[in-house]
Amino acid sequence: MRAMLLDAPGRPLRAAEVPRPEPGPGQVLVTVRACGVCRTDLHVADGDLPNPKLPLILGHEIVGRVAAVGPGVERVREGDRVGVPWLGWTCGECGYCRSGRENLCERARFTGYQLDGGYAECAVADARYVFPIPAGYSDLEAAPLLCAGLIGYRSLAAAGDGVRLGLYGFGAAAHIVAQVARHQGRRVFAFTRPGDTEAQQFARTVGAEWAGGSDAAAPEQLDAAIIFAPVGSLVPVALRAVARGGTVVCAGIHMSEIPAFPYDILWGERVVRSVANLTRRDGEAFLRLAPTVPVRTTVERFPLAQANEALGRLREGRLRGAAVLATAAT
């Protein structure tokens, strides 16, 4: 099968023909129709996340059809349309797994990091960690729901019930979260790269009532803020923007160093917290919710062979919505 391989962090992906994988016990083989390009893919490719499997097939926003099932698989059948997310395997035995916090499992393995992902024509996945894709979404439209949507949804829950919500970094995740937040009756304030008026206009089209640069003051105090940009210096900025009792959620798996900040911007029972990975419960809940909002994803299609271009566009901030890789047949 065709695949785009990462041989070492810092190198461009390499087009290759590799053996088609076979599903083992508890696994399914998925014929990939679309795979979203996520910022976490960049962090793996650039070496921000340590010790990836090498050579590696990136990609963890996979949408496709089940082509074969391994021994012991009952919940998924051949022909089902499914999505494969970032969390690819957990032990099921540790205290985190037994208490419904499988996202924190210390033995967890992740799609497109320790497990080969979806920048290829086929992928193998643990049948426990695939989700049915709701009708009404094309394969390309559904792909960003599998991480931008799921992690954004978990981040929104972590932000609490406050009405005035700030979103720092307005890319794939934020453009989905903004729609869900508006559906919940929240007010959305979008913060983009300074001077990026195109991104600010895009934010307004998906529900933001105000949009400006991250160097601009919020027009009023916020109840909560979610930081999607991997920029540690935004943490004190967001803390200054939230009211007493407010929450700042760091939604990325990687962030640059957070600078020192004075205690008085944390005082007043403000909270800074991170969000790690996702649970199956998150996936099931969000994929039920998305069609009722309805969430509409803005995607830019790239052929599989142009994965390096898609990553480059994401790195440079030259995308509106999400980049999605497609097989030739999609």
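The values are calculated or read from the model by the stated rules, or taken from the named source; none is laboratory data. Keep in mind the model is a prediction, meaning the values are calculated, not measured. Cβ placement follows ideal geometry from the backbone for every residue including glycine, while neighbour counts extend to all protein chains displayed. These area figures cover heavy atoms from the full protein model, side chains too; ligands, DNA and RNA do not enter into them. Shrake-Rupley method; radii C 1.70, N 1.55, O 1.52, S 1.80 Å.
Largest first and in whole Å, the equivalent-ellipsoid semi-axes of the chain read 32, 21, 19, each the square root of five times a Cα gyration tensor eigenvalue. Residues considered: Glu316, Glu102, Glu220. Largest GNM mean-square fluctuation over the chain, using C-alpha springs under 10 Å, is found at Glu316. With the charge dipole of the chain set up from +1 on Lys and Arg Cβ and -1 on Asp and Glu Cβ about the Cα centre, the Cα lying farthest toward the positive end among the listed residues Val66, Gln200, Leu287 is that of Leu287. Dipole magnitude for the stretch 254-330: about 320 debye, using +1 per Lys or Arg Cβ and -1 per Asp or Glu Cβ, origin at the Cα centre.
Principal axis extents of the C-alpha atoms in the stretch 199-266 (largest first, rounded to whole Å): 35, 27, 18. The stretch 132-175 gives an Rg/Rh value of 1.04, both radii derived from C-alpha positions and Rh following Kirkwood. Accessible surface computed residue by residue for the chain, with neighbouring protein chains in place and a 1.4 Å probe, gives 42 Å² per residue.
May I have the pair-distance distribution P(r) for the stretch 1-142, computed from all Cα-Cα distances with 10 Å bins from 0 and rounded to whole percent? Percent of pairs per bin, in order: 13, 41, 36, 10, 0.
Of the Cα atoms belonging to the stretch 84-181, the radius of gyration and Dmax stand at 15.2, 43 Å. Each Lys and Arg contributes +1 and each Asp and Glu -1, all at the Cβ; summed about the Cα centre of the stretch 82-145, the dipole is approximately 300 debye. Once the chain from Ser99 to Val18 is taken as fully extended at 0.36 nm per residue, the excess over their C-alpha distance is 25.3 nm. For the chain, with all protein chains in place and a probe radius of 1.4 Å, 50% of the accessible heavy-atom surface sits on carbon or sulfur. Rounded to the nearest 20 debye, the dipole size of the chain about its Cα centre is 420 debye, using +1 on the Cβ of Lys and Arg and -1 on the Cβ of Asp and Glu.
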